[in-house]
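See structure below.
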Amino acid sequence: MEEIIKIEFNGEEIEVKKDATLLSIARERNIYIPTLCHNDALEPYGVCRMCLVEIEDKGRMRIVTSCNYPAKEGLKVKTDTEKVVSTRNVVVELLLARAPENKEINELAESFGVKGGRLENVNDDCILCGMCVRTCDEVVGVNAIGFAQRGIDRITATPFVEASETCIGCGSCVYVCPTGYIKMTDKDGKRYIENWKVELELQSCENCGAYIAPKRQLDYIRNIADLPNDFYNLCFDCR
Ligand code: FES
């Protein structure tokens, strides 16, 4: 049975499930905490540092990432202290220096009133949040991409940075990427995902001719799911 504990959240004493993440508790109470590397479908990763909160645990104050910090009895949590705001602003400034031309990161910085210019720019739209890598592995189950290289050279890439032979072209990585770094185009019966050097033939609907999905993706689904043939041959509208 789940253990219920008491914590203090923004000054209010509340009862929560033991080990629930502080982010999930905030969301249940409609308290906004920004995130970039969190998705409920994925294991918490704690890498973007956007979801910072301040905690007091046995008299000790600390800043922690709320997406992977578990609730425990007596914990005091504050989501909007001066320290949270100033530390998060530094995180946003670092992101802005990494991706100074990126629309999403610029909008994020603007929403927090953070300006760039103090740090050296890197000019890389990939903020290494790992959303694409984790989604491909944990949700799609294909594991076509990962991290390569180390330190400031770290990138998201296919094995040996070569054209992926396992990517099924489902586009989940494109969907979850918070900065629009991963580029996917459908053109002339093919799907292209630039970042993974992928070019896949699209299956067209037997009835209306509209493109359904990459053939490789449909083959992948055929192997793991027992779906009627219509699923593979007809588009959503014609089924
Ligand atoms: S959302 Fe918590 S570190 Fe990214």
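Laboratory data are not the source of any read-out in this text; all were calculated from the coordinates shown. Everything quoted here is computed from the prediction, not taken from an experiment. Backbone-built Cβ (ideal geometry, glycine too); neighbour counts: all protein chains shown.
Here the extension length gained between I221 and V90 equals 42.8 nm, from 0.36 nm per residue of separation less the Cα-Cα distance.
Under 12 Å from the Cβ of K17, count the other residues' Cβ atoms, weight Lys and Arg +1, Asp and Glu -1, and hand me the total.
Neighbourhood net charge equals -3.
Distance from the C-alpha centroid of the stretch 200-227 to that of the stretch 132-193: 19 Å, rounded to the whole angstrom. For the chain, the dipole from Cβ point charges (+1 on Lys and Arg, -1 on Asp and Glu) about the Cα centre works out to 540 debye, to the nearest 20. Qualifying trypsin sites (Lys or Arg not before Pro) in the stretch 1-58, where qualification requires a DSSP coil assignment and no more than 10 other C-beta atoms within 10 Å, comprise K58. Of the Cα atoms belonging to the stretch 131-233, the radius of gyration and Dmax stand at 14.5, 51 Å. For the Cα atoms of the chain, what angle does the longest principal axis make with the long axis of helix 215-224, in degrees from 0 to 90, nearest 10? On a 0 to 90 degree scale, this one is about 70. Taking only the alpha carbons of the chain, we obtain Rg and Dmax values of 21.5, 68 Å in that order.
Using only Cα atoms, figure out Rg for the stretch 1-131 and give it as a multiple of 2.2 N^0.38 Å. So the stretch 1-131 has a normalised radius of gyration of 1.13. Taking each DSSP H run with n ≥ 4 as -39500 (n - 2.57) and averaging over every residue of the chain yields -6500 deg cm²/dmol at 222 nm.
Taking a label point 7 Å from the Cα of I63 along the Cα→Cβ vector, which residues of the stretch 22-52 have an amide N closer than 19 Å to it? Of the residues in the stretch 22-52, 22-23, 32-38, 45-52 have backbone N under 19 Å from the label point off I63.
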